[in-house]
C-alpha cells in the first residue's frame, strides 16, 4: 500500500487521466451528494433555490418557438420540476442512480410527467426532438476536449432547427486563488466513507487553465484515488468549440440568470442556437 501511495503522490497525471474510480453511484458518497443538491441555500452541488428559480425564469424567456427541453446532468430534478410547472415537456438525464431515483419519486408524488433517464449524457442519440437543451453548473469543463466535442455534436443533433443550448463554464477568475497544495485530514466518518479514513488532497494547476483536485482515501484495508478535473474557459475558446460542430449563432452572458457578459466574471453562460 505504501508503494502505491508514494506512486500516486509523486505522479503528475496527464490532463484528464482518470484513476478508474467513479463516485457517482457509490452507496455512501451518493447520499452526501444528494444531500448537497437538496440544500436550498447552498451552491455546493446544485445552485441555491432562488438562483435555480431565476435561471428557469430567464431560460423560459428566451425566444424559442415551442416548449420541449432536455436537461443534461439533471441531478434530483430541481430545474426539471420547475420547467414542468410552466408547461415544458421535459426529458432529464443524469448518471447518478440515487439522484434519478429521488427525482422519479418526487415526480410521482407531485404527479409530474417528467421523463427521467439514468444515462451518461455522452451516449444520448436524439434527432431534432428538443427546442432547448441545458447543461448547468459548469459540467462542461470536467469533460476532456474530445468528450466535449462528442457532447456538442449530440446536443446539436438533438435540437430542432431554431433550438438553443444553454450552458455555463468557469473562467480563470474563478480559479484566481487556486494553488498547488497537498493537505491531509483524518475523519472518523465523512463524505468519502462511513468509517475512519485519511484523505490526502492534492490541488494542481496545469497549463492552459486546467485544474486537478485529487483525493486519495486511505483506510486500514487499502487506498483509493479520485481525479477530479476542470477547465477554465475564455469566450473565444467556447465560440470555437461551438462553431466546430455547426452552431453559428452564439450569445454570451455572465451567468445562467442572463446577466450581461463580463470579462471579470467567475462564469460564462453561452446560448448557442442551431440554425
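The values are calculated or read from the model by the stated rules, or taken from the named source; none is laboratory data. All values reported here derive from a predicted model rather than from experimental measurement. We place every Cβ from the backbone using ideal geometry, glycine too, and count neighbours over all the protein chains shown.
Do you know which of the residues in region 42-70 that are touching a helix residue (DSSP H, G or I) at 6+ places or on another chain (Cβ under 7 Å) and more than 21 Å from residue 132 (Cβ to Cβ) is surrounded by the fewest Cβ atoms within 10 Å (Cβ to Cβ)? Among those residues, the one meeting the criterion is 44. For region 120-143: of the residues being assigned to a loop (DSSP other than H, G, I, E, B) and touching a helix residue (DSSP H, G or I) at 6+ places or on another chain (Cβ under 9 Å), which is farthest from residue 69 (Cα to Cα)? Filtering region 120-143 for residues that are assigned to a loop (DSSP other than H, G, I, E, B) and touching a helix residue (DSSP H, G or I) at 6+ places or on another chain (Cβ under 9 Å), the one farthest from residue 69 (Cα to Cα) comes out as 143. Where residues in region 259-275 are in contact (Cβ under 8 Å) with a residue 60 or more places away in the chain and in a loop (DSSP other than H, G, I, E, B), which of them is surrounded by the most Cβ atoms within 10 Å (Cβ to Cβ)? Only one residue tops the list, namely 274.
Picking from residues in region 187-233 that are assigned to a loop (DSSP other than H, G, I, E, B) and closer than 18 Å to residue 6 by Cβ, the one that is modelled with the lowest pLDDT is 222.
Taking region 23-36 as the search range and keeping residues that are assigned to a loop (DSSP other than H, G, I, E, B) and surrounded by 12 or more Cβ atoms within 10 Å (Cβ to Cβ), which one is farthest from the chain's Cα centre (by Cα)? The selected residue is 28. The set of residues in region 1-21 being free of Cβ contacts under 8 Å to residues at least 40 places away in the same chain and either touching a helix residue (DSSP H, G or I) at 6+ places or on another chain (Cβ under 6 Å) or part of a loop (DSSP other than H, G, I, E, B) (or both) consists of 11, 14, 20.
Of all the numbered requirements in (1) within 23 Å of the chain's Cα centre (by Cα); (2) surrounded by fewer than 20 Cβ atoms within 10 Å (Cβ to Cβ), residue 231 misses one, and that requirement is (2). Taken over region 106-119, residues that are assigned to a loop (DSSP other than H, G, I, E, B), out of contact with any helix residue (DSSP H, G or I) (no Cβ under 7 Å at 6 or more places or on another chain) and either surrounded by 13 or more Cβ atoms within 10 Å (Cβ to Cβ) or not assigned by TED's automatic domain parsing to the domain that holds residue 73 (or both) amount to 1. If only residues of region 89-105 that are surrounded by 24 or more Cβ atoms within 10 Å (Cβ to Cβ) and over 15 Å from the mean Cα position of the chain (by Cα) are counted, the one that is nearest to residue 33 (Cα to Cα) is 103. Restricting attention to region 13-22, the residues being loosely packed, with under 15 Cβ neighbours inside 10 Å and within 16 Å of the chain's Cα centre (by Cα) number 1.
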